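Undergrad: Questions regarding the structure given below will be posed in turn.
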Amino acid sequence: MKESAAERKTAVIDLHTSSRSLVEHLGRDASASLANKKGDNTQFNAKGARAMADLVIKELPEAEPRLLDCLKAP
């Protein structure tokens, strides 16, 4: 993924790595609260979707600095 993005000179956000880090940090019980359905941690509920979106927003300025002005709070 990163190699392909570099070849295409495009931004990339490694959400797999950052979301894995988040889940490991939260632990099994707390990360279960992000799941849409008990026992299925492959789909997110609203809280989980917000957590993933927050990870993207956090990494976006580094991945694509030209968007920094768009990310500033009004």
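The values are calculated or read from the model by the stated rules, or taken from the named source; none is laboratory data. Nothing here was measured: the structure is a model prediction, and the numbers come from that model. Cβ coordinates were reconstructed from backbone atoms using ideal geometry, including for glycine residues, and neighbour counts include every protein chain displayed.
Undergrad: For the stretch 1-32, which residues satisfy the criterion of being in a loop (DSSP other than H, G, I, E, B) and without any contact (Cβ under 8 Å) to a residue 12 or more places away in the chain?
TA: Across the stretch 1-32, the qualifying residues are Lys9, Thr10.
Undergrad: If you don't mind, another one. Filter the stretch 36-57 for residues that are closer than 27 Å to Lys2 by Cα and either outside any helix (DSSP H, G or I) or acidic (Asp, Glu) (or both) and give the result.
TA: The initial filter retains those residues of the stretch 36-57 that are closer than 27 Å to Lys2 by Cα, namely 41-44, 48-57.
Scanning the stretch 36-57 gives Asn41, Thr42, Gln43, Phe44, Asp54.
Undergrad: Which residues, counting only those in the stretch 58-70, are within 16 Å of the chain's Cα centre (by Cα) and surrounded by fewer than 11 Cβ atoms within 10 Å (Cβ to Cβ)?
TA: The one that is within 16 Å of the chain's Cα centre (by Cα) and surrounded by fewer than 11 Cβ atoms within 10 Å (Cβ to Cβ): Glu62.
Undergrad: Same structure, new question: Looking at the stretch 25-44 only, could you name the residues that are modelled with pLDDT under 95 and surrounded by fewer than 14 Cβ atoms within 10 Å (Cβ to Cβ)?
TA: Gly27, Arg28, Asp29, Ala30, Ser33, Lys37, Lys38, Gly39, Asp40, Thr42, Gln43 - these are the residues of the stretch 25-44 that are modelled with pLDDT under 95 and surrounded by fewer than 14 Cβ atoms within 10 Å (Cβ to Cβ).
Undergrad: Run Glu62 past the list (1) more than 28 Å from Lys9 (Cα to Cα); (2) part of a helix (DSSP H, G or I) and report the number of the one that doesn't hold.
TA: So the condition that Glu62 fails would be (1).
Undergrad: Quick check: is even one residue across the stretch 6-18 surrounded by 11 or more Cβ atoms within 10 Å (Cβ to Cβ) and touching a strand residue (DSSP E or B) at 6+ places or on another chain (Cβ under 8 Å)?
TA: no
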